[in-house]
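What follows is one structure encoded as structure tokens, with my remarks underneath.
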């Protein structure tokens, strides 16, 4: 049985930048305040050992439009 996921409200800017997480060398730079906001929503992880944030399962579902 799956739990209900609360609605996630993203601004167009947040939704756009979610596609660029995790950041890649030479790729689009996601501002720190947007990374923190996405982390607060549970869409990306806290910074990993390499300093990057990874996408969560929830974040991937939001990114693909499943949620």
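Observations
- Residue pairs meeting the criteria (Cβ under 7 Å; at least 6 apart or on separate chains; first surrounded by fewer than 10 Cβ atoms within 10 Å (Cβ to Cβ), in region 1-22; second at pLDDT below 95 and not in a loop (DSSP other than H, G, I, E, B)): none
- Only a single criterion out of (1) at pLDDT 95 or above; (2) in contact with a strand residue (DSSP E or B) (Cβ under 9 Å, 6 or more places away or on another chain) is not satisfied by residue 46, namely (2).
- Qualifying residue in region 30-38 (condition: touching a strand residue (DSSP E or B) at 6+ places or on another chain (Cβ under 7 Å), surrounded by 15 or more Cβ atoms within 10 Å (Cβ to Cβ), free of Cβ contacts under 8 Å to residues at least 60 places away in the same chain and on the phi < 0 side of the Ramachandran plot): yes
- Subset of region 21-40 [closer than 18 Å to residue 64 by Cα and modelled with pLDDT under 95]: 21, 22, 23
The values are calculated or read from the model by the stated rules, or taken from the named source; none is laboratory data. Note that the coordinates shown come from a computational prediction; the quantities given were computed from them, not determined experimentally. Ideal geometry is used to build each Cβ from the backbone, glycine not excepted, and the neighbour counts take in all protein chains shown.
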